[in-house]
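The structure under discussion appears below in the form of structure tokens.
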Amino acid sequence: MGGKLFVRSANRVLLGLALVCLGLYPVEAASGLDAEQSIRAYKELQAGEHPAVQALSQNELAVLKAVSALKAGWPRQALQILQQDEVLKKDPLAALIEAEAHRRQALDAVARAGSYIQSLDAKKKNLETADLSQDLIEAEVRLQAFVDQLDGIDGVPYDLLALASNVHNVFMVDKGRSRMFVYERDDSGNFQRVADEYVVTGAKAGDKQFEGDKRTPNGIYRFVDKLSGSGLDRKYGPVAFPIDYPNSLDQLNHKNGNGIWMHGFDVGVGRRPPRDTRGCFALPNDRLQAMSQHVRLGDSWVVVGENFVFSDEDARQQQLDNVRSSIDAWRKDWESLDTDAYISHYHPKFRAGKKDLKAWHRYKKRINRGKQFIQLKLDDFTIILDQNPAGFSQMVVAEFEQDYRSNNYADHTRKRLYLARDEKNEPWRILIEEQIRP
């Protein structure tokens with residue numbers, strides 16, 4: 001469920017520096033903004049005129065100023081910013097930035113000294129090895145989020161192709177960006193972004209496969225419960241919302257484990273690095289409380305993936321038309337009572353409950369013998385694209401109202417289909433078929 005607490009302090013920073021200098025600390029270069037982007041961010045933060053700057057707390061503003069200065073190649077300015085505020089001296093992320101700024105200043109000084117003292121070469125190598133960039137990923141993620149706000153990530157994510165009337169909102173957990181975007185229906189019925197939050201995910205990269213692998217699962221889920229009060233360990237914050245992992249697709253792919261929640265931090269913990277849970281996704285407690293106001297159990301969807309694409313309406317509409325066309329062809333072949341044509345819309349790995357494709361074929365052939373006609377009406381679609389599906393090129397989840405009538409039977413259900421394709425130029429085929437409610 002939750003992750004081991006990862007609370008940094010100035011003492012830990014100094015210990016980390018010592019271990020690095022001894023060659024005992026793993027070093028990995030951090031990715032992030034280039035110097036030009038960092039200079040631009042620094043100037044905007046200094047000017048303080050942009051709404052994205054004005055929305056920042058004083059603490060966060062100082063941290064972003066310092067890290068942008070550091071990435072721009074100005075360690076002295078970073079130190080000046082951090083040393084102006086007594087509160088920042090207790091901030092673990094600020095302490096890391098300060099330590100890295102001191103290291104870079106020391107490197108500059110050693111470089112200026114040249115070969116004046118022969119032993120400086122060894123000290124320079126130690127300083128170079130002591131790069132704390134890996135530990136500044138949280139700061140870089142926050143700075144990237146700020147730059148995205150300057151530039152604007154426009155539109156709805158490409159994955160959200162259609163959203164039915166019963167969908168209250170969608171929580172998009174982007175593990176690549178360490179951010180969670182929340183989209184909610186406005187008074188006009190259109191979906192708008194209402195939140196962009198820093199989020200902590202599993203300690204290990206990649207898609208969850210088994211219990212204890214410390215990965216956050218990729219997939220399409222819903223919040224199904226709310227945990228709070230005495231039944232919730234304080235290390236998970238004030239409230240937690242489990243999702244329905246493992247779902248039918250996860251089970252088909254032999255993924256296991258459970259207890260994947262959206263939760264908070266332990267009391268008194270204000271910061272955690274981007275990858276620090278055992279598989280859940282976690283937010284600072286004040287932000288969790290704010291997000292909890294948006295959760296509607298059963299009606300809030302959760303999409304977890306890597307580096308979501310934000311595309312224009314035309315691209316989304318083209319993909320939606322493609323999926324809807326496949327579903328409509330399936331409907332027509334079902335109505336035709338041609339069982340072989342109908343079954344061609346199903347994937348070889350298809351499952352419906354305990355039935356595989358052969359059993360489903362036999363079942364439908366037997367049912368169709370007693371039919372003189374079938375009429376189907378499909379309506380109120382939710383169609384969400386999963387761009388990181390295990391074992392397939394692409395996957396969509398489609399839910400809709402299904403009105404079924406024949407000469408000897410009629411019903412109305414809400415149905416869910418998982419449609420997959422092994423290659424992007426292949427037709428969509430049904431992998432899983434489920435009845436959500438009668």
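The values are calculated or read from the model by the stated rules, or taken from the named source; none is laboratory data. It should be emphasised that the depicted structure is a prediction, and the values quoted were computed from it without experimental measurement. Positions of Cβ are generated from backbone atoms using ideal geometry, with glycine treated the same way; all protein chains shown enter the neighbour counts.
Below is a table of values for the structure above.
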quantity	calculated
Test result for Pro348, surrounded by fewer than 13 Cβ atoms within 10 Å (Cβ to Cβ) and either touching a strand residue (DSSP E or B) at 6+ places or on another chain (Cβ under 7 Å) or not assigned by TED's automatic domain parsing to the domain that holds Leu249 (or both)	yes
Close pairs (8 angstrom Cβ cut-off, 6 or more residues apart or separate chains): assigned by TED's automatic domain parsing to the domain that holds Phe373 in the stretch 319-334, of a type in the set (Val, Ile, Thr) and not in a helix (DSSP H, G or I) anywhere	Leu320/Ile383; Val323/Ile383; Val323/Val396; Arg324/Ile383; Trp330/Ile430; Trp334/Ile374
Candidate set: the stretch 390-438, residues that are in a loop (DSSP other than H, G, I, E, B) and among the acidic types (Asp, Glu); chosen: the one surrounded by the fewest Cβ atoms within 10 Å (Cβ to Cβ)	Glu423
Flag if Ser228 is in the same structural domain as Asp299 (by TED's automatic domain parsing) and touching a residue at least 60 places away in the same chain (Cβ under 8 Å)	no
Positions within the stretch 242-292 being among the β-branched types (Val, Ile, Thr) and within 15 Å of the chain's Cα centre (by Cα), in sequence order	Ile243, Ile260, Thr277
Lone unmet requirement of (1) touching a strand residue (DSSP E or B) at 6+ places or on another chain (Cβ under 7 Å); (2) under 24 Å from Val156 (Cα atoms); (3) surrounded by fewer than 18 Cβ atoms within 10 Å (Cβ to Cβ) for Ser326	(3)
Filtered residue count, the stretch 290-320, keeping only those that are in a loop (DSSP other than H, G, I, E, B) and within 22 Å of Val239 (Cβ to Cβ)	7
Lone unmet requirement of (1) touching a Lys or Arg at 6+ places or on another chain (Cβ under 7 Å); (2) at pLDDT 90 or above for Leu96	(2)
Qualifying positions in the stretch 274-292 - among the hydrophobic types (A, V, I, L, M, F, W, C) and either surrounded by 16 or more Cβ atoms within 10 Å (Cβ to Cβ) or touching an Asp or Glu at 6+ places or on another chain (Cβ under 7 Å) (or both)	Cys280, Phe281, Ala282, Leu283, Leu288, Met291
Test: residue in the stretch 293-311 that is out of contact with any Pro (no Cβ under 6 Å at 6 or more places or on another chain), aromatic (Phe, Trp, Tyr), surrounded by 20 or more Cβ atoms within 10 Å (Cβ to Cβ) and modelled with pLDDT of 95 or more	yes
Qualifying positions in the stretch 74-93 - of a type in the set (Val, Ile, Thr) and either surrounded by fewer than 20 Cβ atoms within 10 Å (Cβ to Cβ) or out of contact with any Lys or Arg (no Cβ under 7 Å at 6 or more places or on another chain) (or both)	Val87
Failed item in (1) without any contact (Cβ under 8 Å) to a residue 24 or more places away in the chain; (2) part of a helix (DSSP H, G or I), with Arg287 passing the rest	(1)
Leu376 touching a helix residue (DSSP H, G or I) at 6+ places or on another chain (Cβ under 7 Å), in a strand (DSSP E or B), more than 22 Å from Arg316 (Cα to Cα) and in the same structural domain as Gln317 (by TED's automatic domain parsing)	yes
Number of the exception - Arg421 against (1) touching a Lys or Arg at 6+ places or on another chain (Cβ under 9 Å); (2) over 19 Å from Leu160 (Cα atoms); (3) at pLDDT below 95	(2)
Enumerated strands (runs of 3 or more DSSP E) restricted to the stretch 146-194, each holding at least 3 residues that are under 14 Å from the mean Cα position of the chain (by Cα) and surrounded by 20 or more Cβ atoms within 10 Å (Cβ to Cβ)	169-174, 179-185
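Listed here are the residues, each with its yes/no results for (1) more than 21 Å from Arg179 (Cβ to Cβ); (2) out of contact with any helix residue (DSSP H, G or I) (no Cβ under 6 Å at 6 or more places or on another chain); (3) part of a strand (DSSP E or B); (4) among the aliphatic types (A, V, I, L, M).
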{"position": "Thr201", "(1), (2), (3), (4)": "no, yes, yes, no"}
{"position": "Ala205", "(1), (2), (3), (4)": "no, yes, no, yes"}
{"position": "Pro217", "(1), (2), (3), (4)": "no, yes, no, no"}
{"position": "Arg222", "(1), (2), (3), (4)": "no, yes, yes, no"}
{"position": "Ser230", "(1), (2), (3), (4)": "yes, yes, no, no"}
{"position": "Lys235", "(1), (2), (3), (4)": "yes, yes, no, no"}
